[in-house]
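Trainee: My structure is below; once you've seen it, I'll send some questions.
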Amino acid sequence: MNILVLSTYPIDTPRHGGQIRVSNLVKKYKQIGFNVEVAGVLGSDLYPKSDGFDNSPSIVELEKVISPSFLMEDYAIGRLYENNTKYFEKLSQKIKATPRIIHVEHPWLMPFALRYRKESTQNIKIIYGSANVEHKLKRSILTSHFGNKETEEKVNLIKAAEIEAIKKADGILCVSEGDVKWTKEYANCPILLAPNGVEQWGTSKAGSAEANNIVQRHKFALFCASAHPPNVTGFFEMFKQGFGSLSPSEKLVIVGSAGAAIEQSAELNKSACLSERILSTGMLNTDCLAALLDRAHCIVLPITQGGGTNLKTAEAIWAGHYVLATTIAMRGFEQYINTPGVYIADTATEFKKALRHIMALPPLKLKEKEQKQRESVLWNSTLEGLTGYAKKIESSLND
Amino acid sequence: MTKEKATIWINVTTSAHWNRSAVGVVRVELKLKEELKKLYSTNQVKQCIWRNGVFIEYIPTVQVEKAAENKNKDKSTKEPALIYPILSRIAALESIAIGLLSIVPAKLRPFTSRSLFYLKRKLNALRAKRLHTNRPPIRERLTVPAKKTEQSIFKAQDILLSVGLDWDYAYGEEFHRLKNKQIKIVSCCYDLIPILYPQYCISDVVARFSKYFIDLAENSELILCISKQSEKDLKQLIHNTGAANVKTQVFPLGDTVPLINNEQSSNEIKQLLAEPFILYVSTIERRKNHQILYQAYHLLCKQGKKQKLPKLVFVGMTGWGVDELLKDIELDPLTQGLIIQLNHINDTELRSLYDAALCCVYPSLYEGWGLPVGEALALGKLTLSSNRGSLPEVGQNLVTYIEPWNADEWAKQIEKVIDNDKYRDEMIAAIKQNYTPTDWKQTAEAVKLALDKIINAPYSPQKFYAGYDLTTEIGVYNGAQIESQAEAGLLITGLKTTIPAGTYQLTITDNPNYRKDGSYQLSIKAEGAITKKLKSQIPSKTNNGTLLTEEFKIEQNSKELTLELYLNSGALSIEMLEINEIKKTSQ
């Protein structure tokens, strides 16, 4: 059975949360026994070229769909590859094996998938992978760039695309209870809750040496994040107006592209002591990241906006250290709230106070039972339900 | 074995570098030093200054020599008399400007006058910048250290009392290092004005001062606050930033005005004293709100009341942001001759002005304390004050409070003081009956009480995490732990903390799952000399996570306790070392 996974980012070297999720979905589909093919359109020039993926269309083409296309590139790609036959054909030709199931991650390429199904001679089922309630997340990003009216117009377009995806799907994967709740209102099929997870990691000697070289002998809190705007916004929302949580010998280590965005922000120097306490590493190899996750005293998740579940939350929980998160960051992992070592704070003062409290505690030592409980964040566990769910959809092809 | 007394080190860096009359922070530092020396036994209070990144003992012999030198100079009358008196630099510049204006042709005078006015503004701005940093010119000769030593002056249980202009010095890192060595730092919070009211400061200094207070909270054992308001403001900052929840204590500032001594009053002051006047003692800057007094006087003059108005005397240096105000005062025909600014007056003159003033005013927009209000009350003067910040703490119910931006109300209250003898007499009587001045001895006694609490506090157990606080030669750091790497050698070394004389228990915890059969050697050193040495076998994995519990004795307060653990064979992952006092040493 062929399954096609459509996405707006490649997964050859998964880095950000979305890539990691798709990569694990692909693994899971393979485990179930499907022949999996991944295709799509590169949502940005920054992604490396990849087999099965059409290059990012030029801004001129995107602006023909929506102008300005800034922050609406994904939406514009979806409509371009649906309505412009040249582009539709280009992507269609990338698909080598005719699929019987198409998994569309995010609503963007759903219009393409629907046209593809329509023009196919095969009976094709479509699974919609909702990574979050997209229009809500987009609203918070768009409001900082556009006026109210323009923002609402754009949000409505995205919401319509999402609803269309939900209504026309034969199966839907959601990442959090909140996501399920919203999706249910429009869905015509059963929904599977498949939260984000994490893969077990081990530490290598080289990774440890590299990590030690970065943090020296500092006790540190760790923040792993991409430069995705909500990550940077959340960081400054929680650490604004002076940062007294860490002593001069402690550090807040930022791993990932968020570090550069934070360092370049004018907000950084407005918050006293913040620039002195942070240590931005940039992107790291997985070995070094694993060693840092092992050595951290605490992992912070200052996420204040966005839907879906945060892959970094799963990573933080599995690391076995203290986790300091906002309620939003714990979306999809609510069962861990109030478990040993997990602290929740939703305002800047609470967050900073909690961080100071945690840094003064002895290193967390989870009991065997508690560590076992944290195992449910592993991908094996979060995607467990996908086997039966996908098989059901497969069998419905014969109906 | 007798416990040595803790030394109280007073950081006098600010006053040692100060060469003007001691006011404000400088006065607090000097007075505390003087009075604490009287309250503690000989040699228990010592002075230190900050030099080349360390605190060194300060024995002001040079100062004494200088005083002696001056004394000798006064005695020698051989020097020829000067034709003109020596003026201050500012007065000299003003004289040059006046002279220049007088000798240029009449046609060029308006242009010259304007040019000089703008030049004055520029110079004032430059001067204000210097004033803002509050760093006086350094008297290099006075900073010559009495003792040149690289060794730390602090021993176990010592206290460093630092109440100067500390935000101008890079003490932060050293304070943190000293705190880690168990030296107790007692600092002072005067106010948080640069954070709360940056608009009254010369530039945006919020982040700089926030950092200063965050670091201070982190490193201090106690922060002395000069008012409840300052304490409240500091605690709010700590709450907002997540900084360390440091102990605070409010202490009263002395408000006794220096007595008249044998200094001479100038003719200008003598003339002024002959007529009634209202007194405002404060640096002239935006926050001090001289503007409202000028507006009140302008309003009263406009109402045709100029004749009955007493002079309004501003005593203080010109700060920043008041050029326009001073120009308005200079040019306003309505208030012409009524508002006078005095600068560089001596203690005798200040005391005479206080004594003769009809009333004192203090319209400041915010204060951490408000010493002039206390001084005025101490001298039984009727006082009109702003109701902002800590001023109601100082004035209690003995002062007439006025909203600082309400010019009409200030005009009304000033007129009441002038017209209503009964009101004036009643207020003065109430002040004399109810206001108790605070002398600097009381200030020092309050501080002593706080210091004694720290000195007598029980020893707090010290915890060290190997991975963060110690170093290794053969191991690797893994978070809080140091793990051996299958070779013999120095696995952990460090501590480098101070420790008082006494008997202690050392507990070392490790990760039992990491253990491999073998042996290790441990040595504990105080001031480099071994106080304990032992050899032991690595326990089996089935034992709990305590590698060792051992007693050791320290004969004298030590400046540096170190520990070394050599691994002979096997494997260990050391996590934590804890030192607890098990036997107190009598004091």
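Trainee: Name every residue in the stretch B:199-241 that is open to solvent by 40 Å² or more (accessible area, probe 1.4 Å), over 23 Å from residue B:177 (Cα atoms) and outside any helix (DSSP H, G or I), in order of residue number.
Mentor: Correct list: B:202, B:203, B:204.
Trainee: Sticking with this structure for a sec: Would you confirm, using the coordinates I've provided, whether residue B:153 is surrounded by fewer than 20 Cβ atoms within 10 Å (Cβ to Cβ), at pLDDT below 95 and in contact with a His (Cβ under 8 Å, 6 or more places away or on another chain)?
Mentor: no
Trainee: Among the residues of the stretch B:536-579, count how many are part of a strand (DSSP E or B), more than 50 Å from the chain's Cα centre (by Cα) and not hydrophobic (A, V, I, L, M, F, W, C).
Mentor: 2
Trainee: Something else: Which residues, taken from the stretch A:320-331, are in contact with an Asp or Glu (Cβ under 7 Å, 6 or more places away or on another chain) and either of a type in the set (Lys, Arg) or without any contact (Cβ under 8 Å) to a residue 40 or more places away in the chain (or both)?
Mentor: A:327
Trainee: Is it the case that some residue within the stretch A:296-312 is assigned to a helix (DSSP H, G or I), among the basic types (Lys, Arg) and under 24 Å from residue A:381 (Cα atoms)?
Mentor: yes
Trainee: Next question, about the same structure. For the condition of a type outside the set (Lys, Arg) and closer than 19 Å to residue B:28 by Cβ, what is the one hit in B:161, B:178, B:196?
Mentor: Result: B:161 is the single residue among B:161, B:178, B:196 that is of a type outside the set (Lys, Arg) and closer than 19 Å to residue B:28 by Cβ.
Yes/no matrix, rows are residues, columns are (1) modelled with pLDDT of 95 or more; (2) away from chain A (no Cβ under 14 Å); (3) under 31 Å from the mean Cα position of the chain (by Cα):
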| residue | (1), (2), (3) |
| --- | --- |
| B:430 | yes, yes, no |
| B:439 | no, yes, yes |
| B:450 | yes, yes, yes |
| B:471 | yes, no, no |
| B:499 | no, yes, yes |
| B:519 | yes, yes, no |
| B:522 | yes, yes, no |
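Trainee: Still on this model: Within the stretch B:176-198, restricting attention to residues that are free of Cβ contacts under 8 Å to residues at least 24 places away in the same chain and surrounded by fewer than 21 Cβ atoms within 10 Å (Cβ to Cβ), which residue is farthest from the other protein chains (Cβ to nearest Cβ)?
Mentor: First, pick out the residues of the stretch B:176-198 that are free of Cβ contacts under 8 Å to residues at least 24 places away in the same chain: B:177, B:194, B:198.
Still in the running and surrounded by fewer than 21 Cβ atoms within 10 Å (Cβ to Cβ): B:177, B:198.
Working: B:177: 9, B:198: 12 Å.
This residue is B:198.
Trainee: Taking the conditions exactly as written (in contact (Cβ under 8 Å) with a residue 12 or more places away in the chain, over 22 Å from residue B:178 (Cα atoms) and at the interface with another protein chain (Cβ under 10 Å from one of its Cβ atoms)), does residue B:487 satisfy them or not?
Mentor: Criteria not met by residue B:487.
Trainee: What helices (runs of 4 or more DSSP H) completely inside the stretch B:286-366 contain at least 3 residues that are in contact with a helix residue (DSSP H, G or I) (Cβ under 7 Å, 6 or more places away or on another chain), modelled with pLDDT of 95 or more and not aliphatic (A, V, I, L, M)?
Mentor: B:290-302
Trainee: Then there's this: For the stretch A:338-363, name all the residues that are more than 10 Å from chain B (Cβ to nearest Cβ) and surrounded by fewer than 17 Cβ atoms within 10 Å (Cβ to Cβ).
Mentor: Listed by number, the residues that qualify are A:338, A:339, A:340, A:346, A:347, A:361.
Trainee: Under 27 Å from residue B:175 (Cβ atoms), in a strand (DSSP E or B) and open to solvent by 10 Å² or more (accessible area, probe 1.4 Å): which single residue out of A:280, A:275 fits that description?
Mentor: Matching residue, one of A:280, A:275: A:280.
Trainee: Take the conditions touching a His at 6+ places or on another chain (Cβ under 9 Å), closer than 21 Å to residue A:315 by Cβ and open to solvent by less than 20 Å² (accessible area, probe 1.4 Å) and apply them to residue A:332. Does it pass?
Mentor: no
Trainee: Output the residue which, of all residues in the stretch B:220-253 that are small (Gly, Ala, Ser) and either under 16 Å from the mean Cα position of the chain (by Cα) or under 21 Å from residue B:370 (Cα atoms) (or both), is farthest from the other protein chains (Cβ to nearest Cβ).
Mentor: If we filter the stretch B:220-253 for residues that are small (Gly, Ala, Ser), which is where we start, we get B:220, B:227, B:230, B:242-244.
Checking which are either under 16 Å from the mean Cα position of the chain (by Cα) or under 21 Å from residue B:370 (Cα atoms) (or both) leaves us with B:220, B:227, B:230.
Values: B:220: 13, B:227: 22, B:230: 17 Å.
Filtering the stretch B:220-253 for residues that are small (Gly, Ala, Ser) and either under 16 Å from the mean Cα position of the chain (by Cα) or under 21 Å from residue B:370 (Cα atoms) (or both), the one farthest from the other protein chains (Cβ to nearest Cβ) comes out as B:227.
Trainee: Quick one: which residue in A:324, A:355, A:364 is of a type outside the set (Val, Ile, Thr), part of a helix (DSSP H, G or I) and modelled with pLDDT of 95 or more?
Mentor: Unique residue meeting the criteria: A:355.
Trainee: Identify, please: which residue in the stretch A:241-260 is under 25 Å from the mean Cα position of the chain (by Cα) and open to solvent by 30 Å² or more (accessible area, probe 1.4 Å) and is, among those, nearest to the other protein chains (Cβ to nearest Cβ)?
Mentor: A:260
Trainee: Could you check the stretch B:416-494 for helices (runs of 4 or more DSSP H) lying wholly inside it with 1 or more residues that are out of contact with any helix residue (DSSP H, G or I) (no Cβ under 9 Å at 6 or more places or on another chain) and farther than 30 Å from residue B:222 by Cα?
Mentor: In the stretch B:416-494, B:421-434 are the helices (runs of 4 or more DSSP H) which contain 1 or more residues that are out of contact with any helix residue (DSSP H, G or I) (no Cβ under 9 Å at 6 or more places or on another chain) and farther than 30 Å from residue B:222 by Cα.
Trainee: Without any contact (Cβ under 8 Å) to a residue 24 or more places away in the chain and assigned to a helix (DSSP H, G or I): is that true of residue A:67 in this structure?
Mentor: Here the answer is no, as residue A:67 does not meet what is asked.
Trainee: Among residues belonging to the stretch A:128-187 that are hydroxyl-bearing (Ser, Thr, Tyr) and over 18 Å from residue A:389 (Cα atoms), point out the one that is least open to solvent (accessible area, probe 1.4 Å).
Mentor: Ranking the candidates gives A:151 first.
Trainee: Which numbered condition in (1) surrounded by fewer than 17 Cβ atoms within 10 Å (Cβ to Cβ); (2) small (Gly, Ala, Ser); (3) within 14 Å of chain A (Cβ to nearest Cβ) is the only one that residue B:304 fails?
Mentor: With respect to (1) surrounded by fewer than 17 Cβ atoms within 10 Å (Cβ to Cβ); (2) small (Gly, Ala, Ser); (3) within 14 Å of chain A (Cβ to nearest Cβ), residue B:304 is out only on (3).
The values are calculated or read from the model by the stated rules, or taken from the named source; none is laboratory data. Just so we're clear, the structure is a prediction, and the values are computed from it rather than from any experiment. Ideal geometry is used to build each Cβ from the backbone, glycine not excepted, and the neighbour counts take in all protein chains shown. Surface areas here come from the heavy atoms of the whole protein model, side chains and all, with no ligands, DNA or RNA. Shrake-Rupley method; radii C 1.70, N 1.55, O 1.52, S 1.80 Å.
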